[in-house]
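Worksheet: the structure to be examined is printed underneath.
Each reported figure results from applying straightforward, stated rules to the coordinates on display, with no laboratory input. Everything numeric here is computed off the predicted structure, so don't read it as measured data. Cβ placement follows ideal geometry from the backbone for every residue including glycine, while neighbour counts extend to all protein chains displayed.
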């Protein structure tokens with residue numbers, strides 16, 4: 001959310017007519033035409049994407065961690081049982 005103004009400026013500069021202005025020129029243009037709120041256009045969809053991405057990453061990481069731990073613990077238990085039997 002804090003870097004949204006920079007993303008808005010970057011996106012504007014990548015647009016069709018955006019190449020005409022440098023970073024500061026684009027920032028001044030946004031401020032003059034849309035005000036301070038112009039720097040936060042698109043913040044809701046962006047935050048939604050970030051939250052979803054973080055939730056998926058967190059969930060997948062913990063599921064993979066559980067699976068790998070189960071495999072490792074299972075292999076150790078199997079080896080321990082084999083060593084006891086010999």
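Extent of the chain along its three principal axes (Cα atoms, max minus min coordinate, largest first): 81, 22, 18 Å. Every helix of 4 or more DSSP H residues in the chain counts as -39500 (n - 2.57), and over all residues that averages to -27000 deg cm²/dmol at 222 nm. For the pair residue 43 and residue 61, label points projected 7 Å from Cα toward Cβ lie 2.6 nm apart. Roughly what percent of Cα-Cα pairs across the range 44-86 reach past 11 Å? In whole percent, the share of Cα-Cα pairs in the range 44-86 beyond 11 Å is 70.
Looking at the range 1-41, the pairs of alpha carbons with a distance over 16 Å make up 24% of the total. The angle between the Cα long axis of helix 4-14 and the longest principal axis of the Cα atoms of the chain comes to about 70 degrees, rounded to the nearest 10.
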